[in-house]
Amino acid sequence: MKKQAALSVFAALTVAAVIFSYWDKDDSHADKTAVHWGYTGENGPDKWGDLSPEFRLCKEGLKQSPINIAGARPAKLPVIQIDYKEVPLKVLNNGHTIQVNYPAGSTMTVGNETFQFAQIHFHTPSEHTVDGKPFAMGAHLVHKKSDGTLAVLGIFMKEGKENPFIAGIWKHMPTEAGKTATPDAVVDVAGFLPSDLGYFNYSGSLTTPPGTEGVQWRVLKTPVEVSRDQITKFAGLIKANARPIQTLNGREILVSE
């Protein structure tokens with residue numbers, strides 16, 4: 001039994017390492033053998049599951065993300081506790097999104113689970129919707145627990161006043177896919193979060209290939225504001241990069257009371 005348990009843990013960690021390689025590449029265009037996927041045409045979301053055997057969950061999975069958030073059941077969910085540090089800014093344009101990578105040391109704790117914060121990236125429009133309506137943009141904060149469990153904190157972004165955190169990133173985001181900017185600047189994602197960390201909770205997947213499931217999703221109820229110019233600047237560079245809404249397949253959505 002001990003041997004079986006050890007093998008299970010090893011397998012989980014190995015899978016998590018593979019998953020994170022998709023999310024944390026500094027240059028997704030450097031690997032010429034990588035499967036090319038995108039958001040339109042022959043490599044668009046409806047074709048992801050056929051592009052590679054590794055991507056099959058994108059069409060066969062029953063717990064895929066994003067979803068439409070509706071009919072959430074109120075529950076006493078554990079409070080989200082954030083301990084994000086100020087770190088040197090590192091901005092990646094991987095051809096699919098703008099991403100800010102974080103070194104080890106920043107964490108998100110939910111109940112008795114602590115996750116290491118790895119990176120934040122952006123989508124336009126938001127991938128999750130609420131009662132069928134998307135927001136102008138969405139941010140995904142990716143975390144990983146020591147046992148390999150993945151958790152994503154989703155933040156809705158609505159049009160409003162200029163966002164200082166976003167301004168600091170957009171100022172340095174590379175215009176060429178596959179490039180990383182490392183300016184003499186710092187970033188603290190804690191300043192991007194809304195004051196109210198109440199959230200929707202459900203079990204889902206990556207929203208990009210390979211569509212791996214078992215991801216803990218916590219989508220904050222309170223959106224943050226970004227200006228029209230900030231939305232336009234991102235959309236002009238990256239274009240629309242939101243996967244269509246996936247079938248719920250009987251999953252329950254909880255919402256913190």
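What is the pair-distance distribution P(r) of region 160-212, computed from all Cα-Cα distances in 5 Å bins starting at 0, with each bin given as a whole percent?
Calculated P(r), rounded to whole percents: 4, 12, 15, 15, 18, 20, 14, 1.
Throw me the Rg/Rh for region 179-257, computed over C-alpha atoms with Kirkwood Rh, two decimals.
Reported Rg/Rh (Cα atoms, Kirkwood Rh): 1.01.
Modelling each spin label as a point 7 Å along the Cα-to-Cβ direction, I'd like the LEU62/GLU176 distance in nm, to one decimal.
In this crude spin-label approximation the distance works out to 4.7 nm.
Given the pairs LYS63/LYS221; LYS59/LYS179; LYS161/LYS239; LYS47/LYS145; LYS90/LYS233, which are separated by over 27 angstrom at their Cα positions? It would help to have the intermediate numbers written out before the result.
Values: LYS63/LYS221 21 Å; LYS59/LYS179 31 Å; LYS161/LYS239 22 Å; LYS47/LYS145 31 Å; LYS90/LYS233 19 Å.
Checking Cα-Cα distances, LYS59/LYS179; LYS47/LYS145 exceed 27 Å.
Counting Lys +1, Arg +1, Asp -1, Glu -1, what net charge surrounds GLN230 among other residues with beta carbon under 12 Å of its beta carbon? Don't skip to the end; give the middle numbers.
Values: positive: LYS158, LYS161, LYS171, ARG228, LYS233; negative: GLU159, GLU162, GLU225, ASP229.
That works out to +1.
Find out how many positive minus negative residues lie around PHE122, taking Lys and Arg as positive, Asp and Glu as negative, among other residues whose Cβ is under 14 Å from that of PHE122.
Net of charged neighbours comes to +3.
For the chain, with all protein chains present and a 1.4 Å probe, just round the carbon and sulfur fraction of the accessible area to a whole percent.
Result for the chain: 54 percent of the exposed heavy-atom area is carbon or sulfur.
Over the Cα atoms of region 49-122, what radius of gyration and what Dmax do you get, in Å?
Expressed in Å, the Cα Rg and Dmax of region 49-122 come to 16.8, 41.
Just to confirm, what accessible area per residue do you get for the chain at 1.4 Å probe, in whole Å²? Mind dumping the intermediate values first?
Working: 12460 Å² over 257 residues.
Computed with neighbouring chains in place, this is 48 Å² per residue.
Just to verify a number: FRET efficiency for THR107 and GLU42, C-beta to C-beta distance, R0 = 41 Å, to 0.05?
Taking R0 as 41 Å, the efficiency between THR107 and GLU42 is 0.50.
Connecting C-alpha atoms closer than 10 Å in a GNM of the chain, tell me which of HIS123, HIS140, HIS36 has the biggest fluctuation.
Result: HIS36 has the largest fluctuation of those listed.
For region 84-225, go through all pairs of different Cα atoms, get the mean of 1/r, take its inverse, and jot down that Kirkwood value in Å.
Taking the inverse mean of 1/r over all distinct Cα pairs, region 84-225 comes out at 15.6 Å.
Using only DSSP helix segments of four residues or longer, with each worth -39500 (n - 2.57), what per-residue ellipticity at 222 nm results for the chain after dividing by its residue count and rounding to 500?
It lands at -5500 deg cm²/dmol.
Do you know the relative contact order of region 152-220, to the nearest whole percent, from alpha carbon pairs under 8 angstrom that are 6+ apart?
Rounded, it is 39 percent for region 152-220.
Could you give the Stokes-Einstein D for the chain in µm² per second, using the C-alpha Kirkwood radius, 20 °C, 1.002 mPa s?
My calculation gives 114 µm²/s for D.
Connecting C-alpha atoms closer than 10 Å in a GNM of the chain, tell me which of PRO78, PRO194, PRO209 has the biggest fluctuation.
With Cα springs under 10 Å in the chain, the top fluctuation among PRO78, PRO194, PRO209 is at PRO78.
The values are calculated or read from the model by the stated rules, or taken from the named source; none is laboratory data. Predicted, not measured: the structure shown is a model, and the values here were computed from it. Using ideal geometry, Cβ is built from the backbone for each residue, glycine included, and neighbour counts are taken over all protein chains shown. When the accessible area is computed, the model is the full protein with side chains, heavy atoms only, and any ligands, DNA or RNA have been set aside. Shrake-Rupley method; radii C 1.70, N 1.55, O 1.52, S 1.80 Å.
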